[in-house]
Amino acid sequence: MAEWIDIRSMNMEELTDALVEVGEKKFRAKQIYGWVHQKLVRSPEEMKNVPKSCLDKLLKDHPFYGVNEVERHVSKIDGTMKFLFSLHDGNIVESVLMKYKHGNSVCISSQAGCRMGCRFCASTLLGLSRNLYPSEMLDQIYAIQKATGERVSHIVVMGTGEPFDNFEALCRMIEMISAPEGLNIGHRNITVSTCGIVPKIYEFADRNPQITLAISLHAPNDEMRRNLMPIANRYSMEELMKAARYYVDQTRRRITFEYSLVKGVNDRKEDAAQLTELVRGLNCHINLIPVNPIKERDFVQSDQNNVTAFKHMLERQHIQVTVRREMGRDISAACGQLRKGYKERGGNG
Ligand code: SAH
C-alpha cells in the first residue's frame, strides 16, 4: 500500500498517528480533517481552533499540498469553466466544471501528463511528468467548489492522465471524497475513465464496485485499436472485453465505452457493425465523441452525417448510445490542450 504523508492525503487514522507521534492529542485529527475536507480551507492558518504550535509540529514532516489557480476560462455558451492549476513543484494540471440539470460535475486530472501515448490525445504529447497525490486530485474539486460557491455533486476522472496508472492514489481519493467526514459524494456519482489497463479493471471491480467505469475503446478490433492506442499492444480486445464483462457481472453496474469518431478511420459502417458484435449482450452504454482535432496530429472529426449514421446503426441493434455534447466549446479544445498551450506560452509545468 502506497503512503502519502502530506496532511490532505492522509486518512483519519494516519492523521491521528502523525499527531500522536509529535506529542499532540488525538482529537485534533478530527478537527483538522474537518477543516481540510469539509470546510475546505486553502491554507493551514485558516484552521482557527488548532493551536499554531500543534500545526507547526505537524507541518514539519507533513506538508500542506494542493492546487493553486493560475487561469480560469469561462464559456459564454454554457457556463462551463476550465481551470489551470499549479502544484507545489510548478507542475500544471487542468480541471473542468460542467453545470448540468442534475448537478455540478467536476472533471479532474489524475496525473501531470500521461505516458499512455494515445495518438489523438494532447495530454500525452509531452509524456508523464508525475503522478498526482490524493490531495492534489481532491483539491481540484475543493478549489473549484470554494472559488465558485457551486456545490460539486458529481466527479469524473477524465482529465489528463491515466487513473489506473496512479491506482492507489485514485482509490485513496475515492475513499476520502465519498466519506461522510468529507464531501460525501457517493460512488454512484463518480465516473472513472481508463484506456484499458486490464488487471486494474479486475482490481477496481473488487474494490470500488459502485463506481461507473468508462473504458476508452475507440476501435472495434485489435488492429485498429493498436494504431490509435499503444495500450492495445499490451492487452488484446478479447482480454479487455472479458475484463469489462467481469466488471458488469461483479458490480451489476452498466459500463460505458467511449468511442471517439475519426473521419475515415473508425467511423465506417463496417466499424459500427463490428462494434455491435463486440458488445452484444453486455449491459453497456456507448458514448460517441466526435474526435477533437489537435494540431500535432492530422486526425479529422467525422462528418455530422457519419456520426448520425453510426449512432443509428447501433440503435437499431438496441444498443444504448449517445453522442457526447460538447461543453465549453469556445474556451478550449481537446483534453490536455489547455495545459500544453500554457506550457508553450512559456508557463512552467
Ligand atoms: N486516460 C483515461 C482518461 C483520460 S482521457 C482514458 O484514456 O480513458 C478521457 C477521454 O477523452 C478518453 O476517452 C480519451 O480517449 C478521450 N480523448 C482524448 N483526446 C481526445 C480527443 N482529441 N478527441 C476526443 N476524445 C479524446
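The values are calculated or read from the model by the stated rules, or taken from the named source; none is laboratory data. Note that the coordinates shown come from a computational prediction; the quantities given were computed from them, not determined experimentally. A quick note on method: Cβ atoms are made from the backbone with ideal geometry, for glycine too, and the neighbour counts reach across all protein chains shown.
On the basis of being touching a residue at least 40 places away in the same chain (Cβ under 8 Å), surrounded by fewer than 20 Cβ atoms within 10 Å (Cβ to Cβ), among the basic types (Lys, Arg) and touching a Phe, Trp or Tyr at 6+ places or on another chain (Cβ under 8 Å), does Arg172 make the cut? The answer is no for Arg172.
Let's see how each residue does on (1) surrounded by 20 or more Cβ atoms within 10 Å (Cβ to Cβ); (2) within 14 Å of the ligand (Cβ to nearest atom); (3) among the hydrophobic types (A, V, I, L, M, F, W, C):
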site	(1), (2), (3)
Lys76	no, no, no
Gly79	no, no, no
Glu94	yes, yes, no
Arg115	no, yes, no
Cys121	yes, yes, yes
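Within segment 1-57, being among the charged types (D, E, K, R) and either in contact with a strand residue (DSSP E or B) (Cβ under 8 Å, 6 or more places away or on another chain) or more than 21 Å from Met173 (Cβ to Cβ) (or both) holds for Glu21, Glu24, Lys25, Lys26, Arg28, Glu45, Glu46, Lys48, Lys52, Asp56, Lys57.
Yes/no per residue for (1) modelled with pLDDT of 95 or more; (2) loosely packed, with under 15 Cβ neighbours inside 10 Å; (3) assigned to a loop (DSSP other than H, G, I, E, B):
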position: Ala272; (1), (2), (3): yes, no, no
position: Leu275; (1), (2), (3): yes, no, no
position: Leu278; (1), (2), (3): yes, no, no
position: His285; (1), (2), (3): yes, no, no
position: Ile294; (1), (2), (3): no, no, yes
position: Asp298; (1), (2), (3): no, yes, yes
position: Phe310; (1), (2), (3): yes, no, no
position: Arg325; (1), (2), (3): no, yes, yes
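Can you name the residue in segment 50-63 that is in a loop (DSSP other than H, G, I, E, B) and in contact (Cβ under 8 Å) with a residue 24 or more places away in the chain and is also nearest to Tyr142 (Cα to Cα) among such residues?
Per the criteria, the residue is Pro63.
When Gly66 is tested against (1) within 16 Å of the ligand (Cβ to nearest atom); (2) in a loop (DSSP other than H, G, I, E, B); (3) crowded, with 16+ Cβ neighbours inside 10 Å, only condition (1) is not met. Considering segment 205-230, and only residues there that are among the polar types (S, T, N, Q) and within 15 Å of the ligand (Cβ to nearest atom), the residue that is nearest to Arg119 (Cα to Cα) turns out to be Asn227. Segment 80-180 holds strands (runs of 3 or more DSSP E) entirely within its bounds, and those carrying 3 or more residues that are farther than 25 Å from His218 by Cβ map to 81-86, 92-100.
One line per residue, one yes/no per condition, for (1) surrounded by 14 or more Cβ atoms within 10 Å (Cβ to Cβ); (2) among the hydroxyl-bearing types (Ser, Thr, Tyr); (3) within 29 Å of Ser260 (Cα to Cα):
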| position | (1), (2), (3) |
| --- | --- |
| Val22 | yes, no, no |
| Tyr100 | no, yes, yes |
| Asn104 | yes, no, yes |
| Ser129 | yes, yes, yes |
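Could you go through segment 141-153 and let me know if any residue there is within 16 Å of the ligand (Cβ to nearest atom), at pLDDT 95 or above and buried (at least 20 other Cβ atoms within 10 Å of the Cβ). Taking every residue of segment 141-153 in turn, none turns out to be within 16 Å of the ligand (Cβ to nearest atom), at pLDDT 95 or above and buried (at least 20 other Cβ atoms within 10 Å of the Cβ).
Restricting segment 312-323 to residues that are aliphatic (A, V, I, L, M) and over 19 Å from Phe120 (Cα atoms), the residue that is surrounded by the most Cβ atoms within 10 Å (Cβ to Cβ) is Val321. Screening His73 with (1) of a type outside the set (A, V, I, L, M); (2) farther than 23 Å from Lys99 by Cα; (3) outside any loop (DSSP other than H, G, I, E, B) gives one miss only, at (2). Against the numbered list (1) more than 15 Å from the ligand (Cβ to nearest atom); (2) not in a helix (DSSP H, G or I), Met241 comes up short only at (2).
Filtering Met327, Met241 for residues that are closer than 23 Å to Asn221 by Cα and in contact (Cβ under 8 Å) with a residue 12 or more places away in the chain leaves a single hit, Met241.
The set of residues in segment 250-304 that are touching a Ser or Thr at 6+ places or on another chain (Cβ under 7 Å), within 14 Å of Gln320 (Cα to Cα) and within 9 Å of the ligand (Cβ to nearest atom) comprises Glu258, Asn287.
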